[in-house]
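Contents: one structure, followed by commentary.
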Amino acid sequence: MPPLLKIVLQRLALGLLTLFAVSIIIAFVVELLPGDITQAILGQTATPETVAAFRKEIGLDRPAHVRYVEWLGGIFHGDLGQSLASKREISEFVGTRLSNTLFLGGLAAAIAVPLALLLGLLAALYRNSIYDRVVNLVTLTSISFPEFFVAYILILFLSVKAGIFPGISNVSTDLAFSEQLFRTLLPALTLTLVVLAHMLRMTRAAIINLLSSPYIEMARLKGTKPFRVIVHHALPNAWGPIVNVIALNLAYLVVGVVVVEVVFVYPGLGQLLVDSVSKRDLPVVQACAIIFAAVYILLNLLADIVSIVSNPRLLHPR
Amino acid sequence: MFKTLLSAPISAKLGVIVIFGYVVVAVFAPALAPYKETAIVGASYELWSDEFLLGTDNIGRDMLTRLIYGARNTIGIAFVTVSLAFLVGGVMGMLAAILGGWYDMVISRVVDILMAIPSLVFALLLLTVFGTSIPSLVIIIALLDSTRVFRISRSAAMNVVVMEFVEAARLRGEGMAWVIRKEVLPNIMAPLLAEFGLRFCFVFLFIAALSFLGLGIQPPLADWGSMVRENATLINYNDITPLLPAVAIAGLTVAVNFVVDWMLHLSSGLRSDQQQM
């Protein structure tokens, strides 16, 4: 079996195992509650009859492992359970929410990744110049900002003062694609600014790290132009750590998307998660949590595999 | 220590001054604030005036007072949380490095699995179950962050545990606690301190984000994250007042990041010195 396939399958199996363990944690988090979740949710209306009825409804009268197997089995059939608040089938609305969130994340990634690579490359090319120092300062500052701060600044300048973009992103599938794109642009821009800094710094650091290698010195002594030295000789070896950071930042986007969705009232999975937490709608929270965890694990897996594949020494271990 | 401070780059010096300023405001909040934390002193959304230096918020509380008390609440809670995370994660990490074997393997697997869930999502899940009181907030975030601290402390301690002086200490018959305190801990202080700064930033932003989402520090306690959310409608009227708590958050994290950047620079220099020996 080709080594690449073997490694991919190995990592995939590890990822699935982790996802399985995570699903157990998510399912059993309810058990940890001191006292009873029914008491906590019903609050004042908790008479013995309502408590019993509620427990039957969310299935607490059946033993824990039975519930877990049912839940897991349901997921494989696409049945994520019922929302406590609205009594609707969760799988009905989770699908559109998930695709919205992926659209937002994808748009942000599409803008951020090429920009980060280009700017990071330039920073490595002109290292220790004014451009590099400014970039260093700006990125260090921007990774310290909370996402909602960036979001509100963008709203203030691009929406209120300039009036170009709408402050609220009411996206729905019946809109034309260009209109959807337009409304999603501001939240995507926010996310871009958040992850751009990380990727830029890493690109710059990875390339600079390689620039002290002997073969780079040789290339310079040969008289190769600096741009070609970096792109043709240094960059291919820097791909490993760079793509690793890109994948990790994509995974971070999964989390950052929650706050941004709330600020822009974007109808995605993050907004759903936050709303359900406030309403203590546990089945929805569990469903969202497992979806987020799965995407996160998948992206981390990707980072892992790419960092192995890009290093031939790891790909063909002795 | 002052000598190293004086030789720091401008950004780090600025960072230290800013951090000191924040700490002073947090500690002396009752003395500095013009009004009481939860007192309603005027109409909603008053403009900046002599009576209310930064105007009032959405239900008429003085903005400046809320900002000052917010420093105390947010910074205080973040600090306690990070300290707890370091206590748990740091000790576990050092134990894992020293004991090795089964203990190390099991704990590392458990930590890996816990880290496989994105922290915001996990925190939201746990907050749904346990409610959003301050103790549960502190404990949940501390436990989630202790996993990251565990990683760092374990990898740093691993490098120290294989040294001869640790082996000599154990052969002498020193107990586990002694070895941790006197041999391992002093040698991993530098990366741990840098990590403390980074973790503080992260927890600080995390609590601000949770409060912004309405699931962190609850009203009427002043907190910068929830203040941003409460006064957000003012942005539509071209007023920058709601951004002030966000600027306060950003200011502290930038300052801490600058200082940590400088500290990492220092500690990596120190490590290369030790290797030359």
>> Looking at B:I134, B:I139, B:I180, B:I117, can you tell me which residue is under 14 Å from the mean Cα position of the chain (by Cα) and of a type in the set (V, I, T)?
In response: B:I139
>> List pairs: first residue in the stretch A:211-226 and under 19 Å from A:G120 (Cβ atoms), second residue of a type in the set (A, V, I, L, M) anywhere in the structure, Cβ distance under 7 angstrom, at least six positions apart or on different chains.
In response: A:L211/A:A234; A:I216/A:L210; A:I216/A:V229; A:I216/A:A234; A:P226/A:L125
>> Every residue in the stretch B:252-277 that is within 9 Å of another protein chain (Cβ to nearest Cβ) and modelled with pLDDT of 80 or more, please.
In response: B:L252, B:T253, B:V254, B:A255, B:V256, B:N257, B:F258
> So B:Y45 clears everything in (1) in contact with a helix residue (DSSP H, G or I) (Cβ under 9 Å, 6 or more places away or on another chain); (2) at negative phi; (3) not polar (S, T, N, Q) except one condition, right? Which one?
Replying inline: (2)
> Taking the stated definitions as given, is B:G55 away from chain A (no Cβ under 14 Å), within 29 Å of B:P34 (Cα to Cα) and touching a helix residue (DSSP H, G or I) at 6+ places or on another chain (Cβ under 6 Å)?
Replying inline: yes
>> Among the residues in the stretch A:214-224, are any under 34 Å from the mean Cα position of the chain (by Cα) and at pLDDT 80 or above?
In response: no
>> I'm trying to understand the selection: among the residues of the stretch A:13-22, which are closer than 14 Å to A:W71 by Cβ and more than 10 Å from chain B (Cβ to nearest Cβ)?
In response: none
> Just to be sure, is A:S159 within 11 Å of chain B (Cβ to nearest Cβ), at pLDDT below 80, on the phi < 0 side of the Ramachandran plot and outside any helix (DSSP H, G or I)?
Replying inline: no
>> Suppose we filter B:I113, B:I98, B:I117 for residues that are more than 21 Å from B:L198 (Cβ to Cβ), within 14 Å of another protein chain (Cβ to nearest Cβ) and not polar (S, T, N, Q); which single one remains?
In response: B:I113
> Taking the stretch A:176-185 on its own, how many of its residues are farther than 15 Å from A:T101 by Cβ and modelled with pLDDT of 80 or more?
Replying inline: 1
> Do we have any residue at all in the stretch A:116-132 that's buried (at least 19 other Cβ atoms within 10 Å of the Cβ), hydroxyl-bearing (S, T, Y), closer than 30 Å to A:L211 by Cβ and modelled with pLDDT of 80 or more?
Replying inline: no
>> Take the conditions in contact (Cβ under 8 Å) with a residue 40 or more places away in the chain, within 14 Å of another protein chain (Cβ to nearest Cβ) and touching a Ser or Thr at 6+ places or on another chain (Cβ under 7 Å) and apply them to B:L198. Does it pass?
In response: no
> Going by the structure shown, is B:L137 at pLDDT 80 or above and within 12 Å of chain A (Cβ to nearest Cβ)?
Replying inline: no
>> Being within 14 Å of another protein chain (Cβ to nearest Cβ) and β-branched (V, I, T) is true for just one of A:I297, A:I230. Which residue is that?
In response: A:I297
> With respect to the numbered conditions (1) among the β-branched types (V, I, T); (2) touching a residue at least 40 places away in the same chain (Cβ under 8 Å); (3) closer than 30 Å to A:V150 by Cα, which one is the sole condition not fulfilled by B:V179?
Replying inline: (3)
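For every residue, the table says whether it meets (1) under 22 Å from B:P219 (Cβ atoms); (2) surrounded by fewer than 19 Cβ atoms within 10 Å (Cβ to Cβ).
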position	(1), (2)
B:P30	yes, yes
B:P34	yes, yes
B:S49	no, yes
B:R61	yes, no
> Restricting the search to the stretch B:110-132, which residues are free of Cβ contacts under 8 Å to residues at least 12 places away in the same chain, farther than 21 Å from B:M92 by Cα and not in a helix (DSSP H, G or I)?
Replying inline: B:P118, B:G131
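A quick yes/no check of all residues on (1) buried (at least 19 other Cβ atoms within 10 Å of the Cβ); (2) more than 30 Å from B:A156 (Cβ to Cβ); (3) of a type in the set (G, A, S):
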residue	(1), (2), (3)
B:L210	yes, no, no
B:T233	no, yes, no
B:L243	yes, yes, no
B:A246	yes, yes, yes
B:V260	yes, no, no
> Within the stretch B:76-85, restricting attention to residues that are of a type in the set (A, V, I, L, M, F, W, C) and surrounded by fewer than 23 Cβ atoms within 10 Å (Cβ to Cβ), which residue is farthest from B:I107 (Cα to Cα)?
Replying inline: B:I77
> Regarding A:T139, is this residue in a helix (DSSP H, G or I), at pLDDT below 85 and more than 30 Å from B:M227 (Cα to Cα)?
Replying inline: no
> In the stretch A:171-207, what count of residues is obtained for those that are outside any helix (DSSP H, G or I) and either of a type in the set (S, T, N, Q) or more than 23 Å from the chain's Cα centre (by Cα) (or both)?
Replying inline: 5
> Restricting the first residue to the stretch B:76-87 and requiring it to be within 8 Å of B:V138 (Cα to Cα), which pairs with a second residue that is modelled with pLDDT under 95 and not in a helix (DSSP H, G or I) meet a Cβ separation below 7 Å and a spacing of at least six or different chains?
Replying inline: B:I77/B:I217
> Scanning the stretch A:105-144 for residues that are touching a residue at least 40 places away in the same chain (Cβ under 8 Å) and closer than 16 Å to A:V259 by Cβ, which turns out nearest to the other protein chains (Cβ to nearest Cβ)?
Replying inline: A:I143
>> Restricting to the stretch B:17-50, count the residues that are assigned to a helix (DSSP H, G or I) and within 23 Å of the chain's Cα centre (by Cα).
In response: 13
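The values are calculated or read from the model by the stated rules, or taken from the named source; none is laboratory data. All values reported here derive from a predicted model rather than from experimental measurement. When we count neighbours, we look across all protein chains shown, and the Cβ atoms used for this are built from the backbone with ideal geometry, even at glycine.
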